[in-house]
Amino acid sequence: MRIERSLKCILLDDEIPSLRFLKMLCEQIPRVEVVKTFNEPAALLREYRSLSFDFCILDIEMPEFNGFDVARELKDFPIVFSTAYKQYASDAFDINAVDYMRKPISLQRLQQAIMKVEQLISKRAETVPFAQFNTNKGKTVLYFEQINYVQIAEVDSRDKTVYLADGSFILLKNISFDKLMEILPEHDFIRINKKEVIATKIVKFFSADEITSTLSDDQDLPLLFNLGESYKKMFFEKFS
């Protein structure tokens, strides 16, 4: 199964010409979006938590931190190494790198690596029923079947409140809806307006502007959701 959405990546290479060339190659692959480039490992390690991305392409021999140091920090993301040296290949695959590209990199070789990343992400989406998130109380493992709906948090719009089937809720820290929708199974969740994502399982009735859910509010009345204008087409297609 090939994933159809775009893949977001970050690039790291301490040599500016190599970094620019790699970015240019990535931009020639329609399904790949370069979120940000870094020429210093320390800068990437400071900033990556605030970025929404799917995988990383990393150089290995760099000052201060090498590519393996960075890869260990980014262990939850698929890693592709890009290096002029062949002697690190076994070490790269020991830490489960998706691919190991030797410079100079061709467009065809990069496309092969991207295909491996696609296959890995698709496999994860098909087989893993949960994901790890950062919350206001630390990290949590959240099973998708537990989720009823997600809203923008009242205090900070960068955070999201997840309402669970058992009546409790969890505050996810600093995650965009775009990133959340990349993690959640596409078949089971849908964005319905600028502030909310719902599980398809809670939809009972719907009209042109409103969704009646199977849930109840504090007064034991059906919980209603607004269907935003720009989200209607996608919603109606899913339920047609």
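Does Asp91 satisfy being within 29 Å of Thr140 (Cβ to Cβ) and modelled with pLDDT under 90?
Taking the combined requirement at face value, the residue does not satisfy it.
Which condition does Leu221 not pass, out of (1) open to solvent by 20 Å² or more (accessible area, probe 1.4 Å); (2) among the aliphatic types (A, V, I, L, M); (3) in contact (Cβ under 8 Å) with a residue 12 or more places away in the chain, if it passes all the others?
(3)
How many residues does segment 34-57 hold that are part of a helix (DSSP H, G or I) and open to solvent by less than 30 Å² (accessible area, probe 1.4 Å)?
5
Counting only residues that are among the hydrophobic types (A, V, I, L, M, F, W, C), crowded, with 16+ Cβ neighbours inside 10 Å, without any contact (Cβ under 8 Å) to a residue 40 or more places away in the chain and farther than 21 Å from Pro17 by Cβ, how many does segment 66-123 have?
7
Please count how many residues of segment 224-239 are touching a residue at least 24 places away in the same chain (Cβ under 8 Å) and not hydrophobic (A, V, I, L, M, F, W, C).
The qualifying residues number 5.
Going residue by residue through segment 15-29, is there one that turns out to be part of a loop (DSSP other than H, G, I, E, B) and touching an Asp or Glu at 6+ places or on another chain (Cβ under 9 Å)?
yes
For segment 167-189, enumerate the residues that are within 14 Å of Phe133 (Cβ to Cβ) and either open to solvent by less than 70 Å² (accessible area, probe 1.4 Å) or touching a Cys at 6+ places or on another chain (Cβ under 9 Å) (or both).
Passing the criteria: Ile170, Leu171, Leu172, Ile175, Ser176, Phe177, Lys179, Leu180, Met181, Glu182, Ile183, Leu184.
The values are calculated or read from the model by the stated rules, or taken from the named source; none is laboratory data. This is a predicted model, so every value here is computed, not measured. FYI the Cβ positions are ideal-geometry reconstructions off the backbone, even for glycines, and counts take in every protein chain you see. Just so you know, the surface numbers come from the protein's heavy atoms only, side chains and all, with ligands and any DNA or RNA stripped out. Shrake-Rupley method; radii C 1.70, N 1.55, O 1.52, S 1.80 Å.
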